[in-house]
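The values are calculated or read from the model by the stated rules, or taken from the named source; none is laboratory data. Keep in mind it's a predicted model, so treat the numbers as computed, not measured. Heads up, the Cβs are rebuilt from the backbone with ideal geometry, glycines too, and the neighbour counts pull from every protein chain shown. Note: areas computed on protein heavy atoms with side chains; ligands, DNA, RNA excluded. Shrake-Rupley method; radii C 1.70, N 1.55, O 1.52, S 1.80 Å.
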Amino acid sequence: MIAAALPHDWEARFIDENMEAATEADFAWADAVFVSGMHIQRRNIDDIRRRAHRLDKPVVLGGPSVSACPDYYPAIDYLHIGELGDATEKLIEILARDVTRPAKQVVLETVKRRELTDFPIPAYELAKISDYLLGTIQYSSGCPYTCEFCDIPGLYGRKARLKTPEQIIAELDKLVALGVAGSVYFVDDNFIANRRAAKDLLPHLVEWQKRTGYAVTLSCEATLNIARSPDILELMRQAAFASIFCGIETPEPDALKGISKEHNLMVPILDSVRAINAHGMQVVSGIIFGLDTDREDTGERITQFIEQSQIPMLTINLLQALPRTPLWDRLEREGRLDQDEMRESNVRFKLPYSDVVAMWRECMRKAYQPEALFARYTHLIQATWPKRWPRPFSRQRYSPLNVKRGLVMLAKVLWRLGVVGDYRRVFWKFALPQLIRFRIEGLLTVAIAGHHLVMFARDAVDGRANASNYSPKLRVADEPVTQ
């Protein structure tokens, strides 16, 4: 998006360091280095800054981490705080005039945000699209709810700002033209932040899917109370939405009330999950350990909930207090923030810290045992997938490129999981019925996601992975090799 918003005569390179590192030649080519990231990427961001500064290149940092915590980044040349807007225009003006590093840090904060209707189509062509399993797209920004732990209202506002359906269709057309295959993910924090707008967009998505031969499936994030809108769920089904990420956080009503997430209780949680499943969509859930209402048996109750709900994929985190949230303000008043960067969380829990971490690790271990995980995925395939909207055998889905890509992925999956993997028997028990029925797409979807979850959980249990996707905890493996 930022590359697309730059002046048209500026050249830009896009490098995703989750995929590959920028080379010294990339830094030498650039006049300026723009970086974005989340808190968990804080160490990587600073490493990019060091590499750029070795060649005396100015570094500009924008995005969610710096917008919430500018003090994390004292050595960056330019801080862009907030969304695309007047700060972006000021930054472009400065760099157009002078690309030497400033004598001291320059902080630019957006006061007037650019309307999403004025956003350009992202420069997707700069990314190596074929390397991604998911394409991403943004429809809205902001969320009306004020969950205690969430920084979205503070960063992006409570009133959803929107693109037009025509913009979304144009972006989807571009993604597919560039070779996106499989799925496109709506990265909105809450797809139904404006329900009327979502209902207006969905028929356009349905017609787009028909026009393109259902080239991709769609996914999004939404509050669990979407279960109260069967009309929206049915339109999503027809638009080939495959999954919805819902921040369930905890199955315990008292805990939900404590974190200002009572809207999860409008319908019993398990009923909400089943209502979404009944429209052919998988629920992906967020779960949080370390809430003030947690007890010694919370881990057991969450494990039971996972078994009862049959949700295959869950992001199971320790509570992390983020700046610009009600949780941060409350814990700061109570003297319960701990900035020791060797801890798994910056929250001083009501329960002993070691007990909470051990409870989290045990839940991760149980949830992502290969036998338990693939059993939940098998239930998903048997109980939910038959209710999906039928997708045609179109030339878009079964193009030579897609078929070749699928066969390469299948060969790698069968080798990595079925031949040299240490849970081969579990894998084949799941995979053989899919192969016999020629459900290759489903096999790949489950095998790749499942393997990631199994390996990530092992790292978590052994202490090699952070216990929160928001935690910038420093680990030995994170220490930069370049000084």
Which listed residue is without any contact (Cβ under 8 Å) to a residue 40 or more places away in the chain and closer than 26 Å to residue 207 by Cα, from 413, 403, 419: 403
Could you check the stretch 435-466 and list, in sequence order, the residues that are under 25 Å from residue 386 (Cβ atoms) and buried (at least 19 other Cβ atoms within 10 Å of the Cβ)? 443, 444, 445, 446, 447, 450, 453
Working carefully through the options 161, 195, find the one that is in contact (Cβ under 8 Å) with a residue 12 or more places away in the chain and either among the small types (Gly, Ala, Ser) or touching an Asp or Glu at 6+ places or on another chain (Cβ under 9 Å) (or both). 161
Just to be sure before I move on: is residue 116 closer than 24 Å to residue 8 by Cα and in contact with a strand residue (DSSP E or B) (Cβ under 6 Å, 6 or more places away or on another chain) in the structure I sent? yes
Being over 19 Å from residue 63 (Cα atoms), more than 21 Å from the chain's Cα centre (by Cα) and touching a residue at least 12 places away in the same chain (Cβ under 8 Å) narrows it down to one residue among 174, 210; which is it? 174
Do we have residue 169 as over 21 Å from residue 398 (Cβ atoms), modelled with pLDDT of 95 or more, β-branched (Val, Ile, Thr) and open to solvent by 10 Å² or more (accessible area, probe 1.4 Å) here? yes
Scanning the stretch 293-338 residue by residue, those touching a residue at least 24 places away in the same chain (Cβ under 8 Å) and on the phi > 0 side of the Ramachandran plot turn out to be 310, 324
Quick test of your reading of the structure: residue 388 fulfils all but one of (1) over 27 Å from residue 241 (Cα atoms); (2) modelled with pLDDT of 95 or more. Name the failing condition by number. (1)
Name the residue that is farthest from residue 162 (Cα to Cα), counting only residues in the stretch 89-113 that are in contact with a strand residue (DSSP E or B) (Cβ under 7 Å, 6 or more places away or on another chain) and of a type in the set (S, T, N, Q). 105
For the stretch 228-331, which helices (runs of 4 or more DSSP H) that fit wholly inside it have 2 or more residues that are closer than 28 Å to residue 457 by Cα and either in contact with a strand residue (DSSP E or B) (Cβ under 8 Å, 6 or more places away or on another chain) or open to solvent by less than 20 Å² (accessible area, probe 1.4 Å) (or both)? 253-258, 269-277, 298-309
With respect to residue 153, is the statement that it is surrounded by fewer than 19 Cβ atoms within 10 Å (Cβ to Cβ), closer than 30 Å to residue 256 by Cα and at pLDDT below 95 true? no
Hits in the stretch 133-150 - residues which are β-branched (Val, Ile, Thr) and open to solvent by less than 20 Å² (accessible area, probe 1.4 Å): 137
Qualifying positions in the stretch 133-154 - under 18 Å from residue 219 (Cα atoms) and not in a loop (DSSP other than H, G, I, E, B): 134, 135, 136, 137, 140, 141
